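Working notes for the structure below.
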Amino acid sequence: MSTPAPWGPDPARPPAAAPSTTVLPEGGSSSLADGEWHRMHPLTPLFKGGLVLIIVAGVVISNMRERLISWFVSLFAPDEAKYMDYGGDPVDWVLDNNLILVVLLGVLALAVVLVVVFWMVWRFHQFRITGDHVEVRKGIVFRSHRRAPLDRVQGVNLTRPFPARVIGLAKLEVVGAGNDANVELEYLATPRAESIRADILRLASGARAAREHDRAGAAAPAGVTAQLVGSMNAGVNGLIQGVDLADVAPESVVKIPTGRLVGAHLVHSLLWLVFFGAIIAASMTGILIGAVRDGEPEVGLIGLGAGFAIGIPMVLAFVAVTWSQISKSLRYSIAPTPDGVRITYGLLTTVTETLPPGRIFAVEVTQSLLWRPFGWWAIKINRMSGKSAAQQQSGNAQQFNIVLPVGKRADVERVLALILPDAPQSDIPLVWEHGILGPVEGDPYKTIPARAWWHRPLSWKRHGYAVTEFGVLLRRGVFWRKLAVFPLARLQGVSVSQGPLDRLQGVSGGQVHSVTGPISGTLSGLERDDAIALLDGVSRAAAAAAARDHSHRWGSHLDPSTGSGTEDVASAAHSGPTVAGLYDAPAGGYAPMPPSAPPAP
Amino acid sequence: MTESPTTPPRDPHGFEQPTRAPESPLIPSAPVPPAAPVAPVSAPEPVGEAPVAPPVLDQGTYQQLRTPRSPAALALDGTWHQISPRYVISEYVQNAIFVVLIVVAALVVHLAFEQVWVWIPAGLMLAVTLITLIILPRQARAMGYMLREDDVVFRRGILWQRMVAVPYGRMQLVDITQGPLDRAFGISQLKMVTAAATTGVQIPGLTQDGAEALRDTLIQVAETRRTGL
């Protein structure tokens, strides 16, 4: 920590020929995407392993509570201290045998060993961002080295768990395509994490000169203490104001009023509460009536007590579950950035997801019957989460697939425009009037014929699909209205199937395949010719759409003058280090950029 | 036809089509510049030629596809390639071994431990196996795959028909597996993996040469048409 880290861009030193000084504790080079190895924040062990130590210390202290009490008592009232005499305590044994020095030395040695171990772990935990890959290597005995290709990055998540957030640390998660394919960088100082995120997204986009900009406002660190105080201030400010919206144009942000968010969750929770409450009330009434008729009021009282004993914990559980749902999605905001949609949510632990273009495999707009009077909608997506199968089951993973937890029609339209920027204007009536609100006479949706109504007894008039040049639209559900959009460029396949009953009626089922997620692509009871058309047309259109789709390297086709985007807005608010390295994808080398380059217009 | 298998896969200028234009967002504040008005595009033209099927695909296979008789059944125009009759023999041998094992196990339990009930589960398993064996030749004749311009279609089933179309560019890997008995009969199974777990196309009972030729064809075509995921 004593070596002064040269912050700010250093034009004299080309990044490729960097000497070993780049691996400095506080980040020696201005650009972290320079192909050199870097370390995590020095406080990382505190949050990763240190918690265990604190717990152990807590157990020890709680076990020594008696001793502390007796020590206090003897301090103020020496006569009373004798009553707490007890045996078998290791501390007594140490004191009796005059081993206090040895024990203290032992504790000290243990502490030193732990510090050294943590320091070693921290030292060996390094990451590197090259033009093609992001890499993390860690471990001393069991070494692991993970490398993820940048053009397959499915998103970048910046998570700020509550304790780390107060100190100004964040965890960066590079979402890969596959099971357990994420690369996690934990923990980093928040400004560094943000600049790394920008680097990764910029490199992944394949942008050449498009969005290179110089954050000249990078403040040099005054020292470790001042830095820590500053980041703590920022953390506390962030607690109050919300985070990670400094660099987007404020008018483009979709926010959800807290009242609506709470209301939307409450509507559903209340339904369940009423449902279970009715069951409990009915059973309790039954018991009471029975007891009164039998002339045994005690039984009734017991039943009443049992009812409350079940009901009150249940109410508490409802409150807890609802609160956890609400607090997770509070302060939801969605904003466009040049490198994708940025979704931020969370009250205490905040999560910021960045979804680059073309990483969304399916989108679904849904509305339950309870939400219909309020005109509320929700939007879910199918995407690669890069998590292992076990992680995908958790509630956090479900959150990961929600883009808009609840919003009015205007919000839905704006969010759809954000996450499906390539969708042509001509598809809008298909989505809204014909799709979500349909059916309309003469709309292009291919639905279930009347003879096969029994496939979907209620929604058969709505149940169907339509194909545009952009995507496949699936319209389903009547009470729970759903409209799914599968972009053709991301379609993984189509299948049709027909059983004997279907064949008698001349209908067939179909399915549009996308990655695992909350949106299924199944349809049933389509006209046989419509199903064949689905198999024929969608597959061909998918190939054509994929051929003209470049979103896996979404920045490379952008003109430099149009790629300015909103990331430069308020970039001065960031104290993060500057991105100076410029990567030219096909050439395979770094082109050093002079730090005096003007920011993109 | 903007592309033939020999052109490099990622040529951004080769695909300039009017459909790239409708980038105009639904809201003006999105960071995408407004573009030319939408030009309605008719049915998209195929991206490439249908790959030429190597003749080895049809050597030593069934020649007549078994399909449902009803005119309402699912059907596609084109040439279906079929699987090898040796697949049925291989399956029969495997099932025969399985049947023998069950009978032996049941006999042991019956004679050594005098448990007669063991014939109930054993009989059930035998019955299921027997039914499978009876319909197996029909099923094998109903399996087929077709190499189309943009995708490969796999079909199976007669009573319950299923057809899956997988665009070439979506294949993440093509896998050939072969069990010990399969090797004895010279057949293997080909599996195509995409990013979607549900697609899961597995073609069993291909001849050894056919499987390798098909794999090479698929990979070659996929290479020229790959984009992102």
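The values are calculated or read from the model by the stated rules, or taken from the named source; none is laboratory data. These numbers come from a predicted model, not from an experiment. A quick note on method: Cβ atoms are made from the backbone with ideal geometry, for glycine too, and the neighbour counts reach across all protein chains shown.
Tabulated data
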quantity: Unique match (being β-branched (Val, Ile, Thr), in a helix (DSSP H, G or I) and at pLDDT below 80) among A:Ile240, A:Ile196, A:Ile200; calculated: A:Ile240
quantity: Subset tally (residues that are modelled with pLDDT of 90 or more and among the β-branched types (Val, Ile, Thr)) for the stretch A:371-405; calculated: 2
quantity: Some residue of the stretch B:92-111 being surrounded by 12 or more Cβ atoms within 10 Å (Cβ to Cβ), more than 18 Å from B:Gln139 (Cβ to Cβ) and under 17 Å from the mean Cα position of the chain (by Cα); calculated: no
quantity: Enumeration of residues in the stretch A:273-300 that are surrounded by fewer than 13 Cβ atoms within 10 Å (Cβ to Cβ) and more than 27 Å from A:Val262 (Cα to Cα); calculated: A:Ala282, A:Thr285, A:Gly286, A:Ile289, A:Val292, A:Arg293, A:Asp294, A:Gly295, A:Glu296, A:Pro297, A:Glu298
quantity: Test: residue in the stretch B:125-141 that is assigned to a strand (DSSP E or B) and out of contact with any Cys (no Cβ under 9 Å at 6 or more places or on another chain); calculated: no
quantity: Some residue of the stretch A:422-442 being among the hydrophobic types (A, V, I, L, M, F, W, C), over 30 Å from A:Thr337 (Cβ atoms), part of a loop (DSSP other than H, G, I, E, B) and at pLDDT below 85; calculated: yes
quantity: The stretch B:199-215, residues that are free of Cβ contacts under 8 Å to residues at least 60 places away in the same chain and more than 12 Å from the chain's Cα centre (by Cα); calculated: B:Gln208, B:Glu212
quantity: Residue within the stretch A:443-451 that is acidic (Asp, Glu) and within 14 Å of chain B (Cβ to nearest Cβ) present; calculated: no
quantity: Of residues in the stretch A:302-338 being aromatic (Phe, Trp, Tyr) and free of Cβ contacts under 8 Å to residues at least 60 places away in the same chain, the one surrounded by the fewest Cβ atoms within 10 Å (Cβ to Cβ); calculated: A:Phe308
quantity: Any hit, the stretch B:130-142, residues being more than 26 Å from the chain's Cα centre (by Cα) and surrounded by 12 or more Cβ atoms within 10 Å (Cβ to Cβ); calculated: no
quantity: Residue satisfying all of: in the stretch B:57-78; surrounded by 14 or more Cβ atoms within 10 Å (Cβ to Cβ) and over 30 Å from A:Gly525 (Cβ atoms); farthest from the other protein chains (Cβ to nearest Cβ) among these; calculated: B:Gly60
quantity: Restricting the stretch A:339-376 to residues that are buried (at least 22 other Cβ atoms within 10 Å of the Cβ) and aromatic (Phe, Trp, Tyr), the residue that is nearest to A:His265 (Cα to Cα); calculated: A:Trp376
quantity: Some residue of the stretch A:149-164 being polar (S, T, N, Q), in contact (Cβ under 8 Å) with a residue 60 or more places away in the chain and either more than 14 Å from every other protein chain (Cβ to nearest Cβ) or in a helix (DSSP H, G or I) (or both); calculated: yes
quantity: Given (1) under 26 Å from the mean Cα position of the chain (by Cα); (2) more than 23 Å from B:Leu74 (Cα to Cα); (3) at pLDDT 90 or above, number of the condition A:Ser551 does not satisfy; calculated: (3)
quantity: Considering residues of the stretch B:182-224 that are within 14 Å of chain A (Cβ to nearest Cβ) and more than 23 Å from A:Thr516 (Cα to Cα) only, the residue surrounded by the fewest Cβ atoms within 10 Å (Cβ to Cβ); calculated: B:Glu223
quantity: Yes/no for B:Ala73 being touching a strand residue (DSSP E or B) at 6+ places or on another chain (Cβ under 9 Å) and touching a residue at least 24 places away in the same chain (Cβ under 8 Å); calculated: yes
quantity: Complete set of residues in the stretch B:75-95 that are assigned to a helix (DSSP H, G or I) and out of contact with any Leu (no Cβ under 9 Å at 6 or more places or on another chain); calculated: B:Arg86, B:Ile89
quantity: Residue match in the stretch A:465-472 (condition: within 26 Å of B:Gly157 (Cα to Cα) and at the interface with chain B (Cβ under 7 Å from one of its Cβ atoms)); calculated: no
quantity: Among residues of the stretch A:334-361, those that are within 14 Å of chain B (Cβ to nearest Cβ) and either in contact with a Lys or Arg (Cβ under 8 Å, 6 or more places away or on another chain) or under 18 Å from A:Gly259 (Cβ atoms) (or both), counted; calculated: 12
quantity: Subset tally (residues that are free of Cβ contacts under 8 Å to residues at least 12 places away in the same chain and among the β-branched types (Val, Ile, Thr)) for the stretch B:88-118; calculated: 6
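Residues checked against (1) within 28 Å of A:Val403 (Cβ to Cβ); (2) among the hydrophobic types (A, V, I, L, M, F, W, C); (3) not assigned by TED's automatic domain parsing to the domain that holds A:Gly477:
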| position | (1), (2), (3) |
| --- | --- |
| A:Arg490 | yes, no, no |
| A:Gly499 | no, no, no |
| A:Ile519 | yes, yes, no |
| A:Glu527 | no, no, no |
| A:Asp530 | no, no, no |
| A:Leu534 | yes, yes, no |
| A:Ser539 | yes, no, no |
